[in-house]
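J.: Have a look at this one.
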Amino acid sequence: MKDYVRPYIPRIILVVGLIFLSILGSLFLPRLMSRIVDQGVVLGDLATIRTLGIRMILLSIGSMALMVLAGHFSAQISMSFARDLRRGLFRHTLSLNFEEFEDYGAPSLLTRTTDDIAQLERTAVVALRPLVQAPLMFVGALFMAITTDIGLSPIILTSAPVLLYIITNIARRTIPYFREIRTLLDRINLLFRERLTGIRVIRAFHKEDYEEERFEKVNGEITQVGKDVNHLLIIMLPVFNLIFNFNMLLLLWFGAKRVDMGGLAVGSLMAYIQYITQIMFATMMFSMLFAMYPNAQASYQRVSEVLSTPIPKEGQLREIPQGPLELVFDHVSFCYPGAERKVLNDISFKVEAGKKLALIGGTGSGKSTVLKLINRFYDVTEGRILLNGVDIRELDKGVLRRALGYVPQQNILFNRSVRDNLALGRTQGASDDFYWSLLDVAQAQDFIENMEEGLSATVAQTGKNFSGGQKQRLSIARALAKEPIIYLFDDSFSALDFSTDKALRRELAPRTEDAITIIVAQRVMTVTDAHEILVMENGEIVGRGTHESLLGTNEIYTEIAESQLGEGAGREVQHA
């Protein structure tokens, strides 16, 4: 967090200087007023009243102008700091490893990036000036009061520490409540997100009342915590008013006696009252800061927690070596963080340029995990993944991922134009003809042409204005646009009908003839033309070979083929 404050230190020093000069002017106003009363009003000297009055007016205007200028700079600092913090947190979040990202959770990261930073921004805007002004005014007014009349000083020297102790103690007790509120806000965001993204499922299963109960439980908890913390905070103002009024009574009582005895001038008493008011005003500003501090402290800790999460440092990063393209899994095992057993166990295979490797097997067999490891979403637990003879952990992640054309199992499209979605992985621009050619390969040209704006048509959030099969085809076209050397298809043909599947694979063949292609699939129809098929079960390879060699020799593959194509039909499917 210090790195975000450091650039603004010169401007903060400027604000402190402006506030100091403004307060210095304010502190001399009671002295001038005291002289007007004692030397002008009491003696009837109009010239003195006029001269000192003009000085007071000029000093007040100057003090006000300095404070306005300080407010202008403090607002600039606060807004710019929040902007930098949002940018930094956004970048840091994108750089987190997937296990760290999952530890925080998307709802919590969203809350920290938006609500927590907004809380810090609000606090900075409101508190930057009082944070400087309150202690300067408190110390300055206390000094001026003591030098004005030492006899009345025990009143304020006794009450001010008591007031500060009460305020500090209340603030300390509220900090845990504000931390709990931030945690409960994360839970509310999570419930909202689940409710909004899963609204169709909730309605289909008629679970609106159940979801309402879950939400009301968390909502009730955050309401109760809010009541508890406010019960503490509302004590501050009555306590402040009680002590202030008690001080004024004592001051007027003892001050009047001193005036009556001739030990204190009326003007000095009036000046002392103003200094006491300034001291109490500074203390009230402290109370405002302490009221805001616990909430800001909770937000600060949550933002700092993410920013302080270390991003793993890569070693000496390498480019992909030149030479014949080859991807090798060398006795790879993998276990997800926190899992009890391995997802992959001693996986070995090799695939070369121009070859197509297919992974097939039941749900949870580890097929998709293979592609995640190639992308380095996670690193292997044991073994190595080699690309052209180099462990991919030694490669620059950016270089590695630019070499991959990945079509994930969940086809995420972004709220921008079709063209921008297709260009997502490109480092250079391309013509519309290029994108139309990709859509033609992906069997997506027809439905994009039917859209009024074509490539400029807006894709709705998550692509909800397209069907599942259309989103798959657009995701495939997006991967093709990268022109990668390795294609990774994670069950990317599951939503396509058989004729579209066949046509798409036929058009893909010339595009991928010099690349490595790895396909994760559930349908046998999709993998019949693969050069090698790996049959997976419980994270292990239990069979490998071509479609023809696996039929009849591998029980799992034969069972899958016959369940989808009918008994005996699997042998003719490649001719379909």
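J.: Please indicate, with yes or no, whether at least one residue in region 261-268 is in a helix (DSSP H, G or I) and open to solvent by 30 Å² or more (accessible area, probe 1.4 Å).
T.: Yes, the conditions are met somewhere in region 261-268.
J.: Residues in region 360-388 that are under 28 Å from E100 (Cα atoms) and either assigned to a strand (DSSP E or B) or open to solvent by less than 30 Å² (accessible area, probe 1.4 Å) (or both): how many?
T.: 19
J.: Does region 58-79 contain any residue that is of a type in the set (F, W, Y), more than 30 Å from K372 (Cβ to Cβ) and either open to solvent by less than 80 Å² (accessible area, probe 1.4 Å) or modelled with pLDDT of 85 or more (or both)?
T.: Within region 58-79 (the criterion being of a type in the set (F, W, Y), more than 30 Å from K372 (Cβ to Cβ) and either open to solvent by less than 80 Å² (accessible area, probe 1.4 Å) or modelled with pLDDT of 85 or more (or both)), the answer is yes, since at least one residue qualifies.
J.: Another question, if that's okay. Which of the residues belonging to region 523-539 are within 12 Å of L359 (Cβ to Cβ) and either touching a Ser or Thr at 6+ places or on another chain (Cβ under 6 Å) or of a type in the set (D, E, K, R) (or both)?
T.: Of everything in region 523-539, those that are within 12 Å of L359 (Cβ to Cβ) and either touching a Ser or Thr at 6+ places or on another chain (Cβ under 6 Å) or of a type in the set (D, E, K, R) (or both) turn out to be E532, M536, E537.
J.: Going by the conditions given, is G151 small (G, A, S), open to solvent by 40 Å² or more (accessible area, probe 1.4 Å) and in contact with a Leu (Cβ under 8 Å, 6 or more places away or on another chain)?
T.: Criteria met by G151.
J.: Which one of the conditions (1) part of a helix (DSSP H, G or I); (2) closer than 30 Å to R86 by Cα does P310 fail to meet, given that it meets all the rest?
T.: (1)
J.: All but one of (1) farther than 30 Å from N375 by Cβ; (2) crowded, with 16+ Cβ neighbours inside 10 Å; (3) touching a residue at least 60 places away in the same chain (Cβ under 8 Å) hold for R11, so report the exception by its number.
T.: It is condition (2) that R11 fails.
J.: Can you tell me which residue is farthest from K372 (Cα to Cα) among those in region 448-505 that are of a type in the set (K, R) and assigned to a helix (DSSP H, G or I)?
T.: K502
J.: Sticking with this structure for a sec: Could you list, in sequence order, all residues of region 242-281 that are within 14 Å of D38 (Cβ to Cβ) and either touching a His at 6+ places or on another chain (Cβ under 8 Å) or of a type in the set (A, V, I, L, M) (or both)?
T.: V259, L264, A265, V266, L269, M270, A271
J.: Quickly run through region 235-253 and pick out the residues that are loosely packed, with under 15 Cβ neighbours inside 10 Å and either in contact with a Ser or Thr (Cβ under 7 Å, 6 or more places away or on another chain) or more than 17 Å from P30 (Cβ to Cβ) (or both).
T.: Residues satisfying the conditions are I235, L237, P238, N241, L242, N245, F246, L249, W253.
J.: Within region 212-232, is even one residue in a helix (DSSP H, G or I), open to solvent by less than 70 Å² (accessible area, probe 1.4 Å) and touching a Pro at 6+ places or on another chain (Cβ under 9 Å)?
T.: yes
J.: Can you work out which of the residues in region 510-567 that are out of contact with any strand residue (DSSP E or B) (no Cβ under 7 Å at 6 or more places or on another chain) and on the phi > 0 side of the Ramachandran plot is modelled with the highest pLDDT?
T.: If we take residues in region 510-567 being out of contact with any strand residue (DSSP E or B) (no Cβ under 7 Å at 6 or more places or on another chain) and on the phi > 0 side of the Ramachandran plot, then N538 is modelled with the highest pLDDT.
J.: For region 451-483, which residues satisfy the criterion of being among the polar types (S, T, N, Q), free of Cβ contacts under 8 Å to residues at least 40 places away in the same chain and within 20 Å of D497 (Cα to Cα)?
T.: Passing the criteria: N465, S467, Q470.
The values are calculated or read from the model by the stated rules, or taken from the named source; none is laboratory data. Values in this document were obtained by computation on a predicted structure and should not be read as measured data. So basically every Cβ, Gly included, is an ideal-geometry build from the backbone, and we count neighbours across all protein chains shown. What goes into the accessible areas is simple: the full protein's heavy atoms, side chains included, and nothing from ligands, DNA or RNA. Shrake-Rupley method; radii C 1.70, N 1.55, O 1.52, S 1.80 Å.
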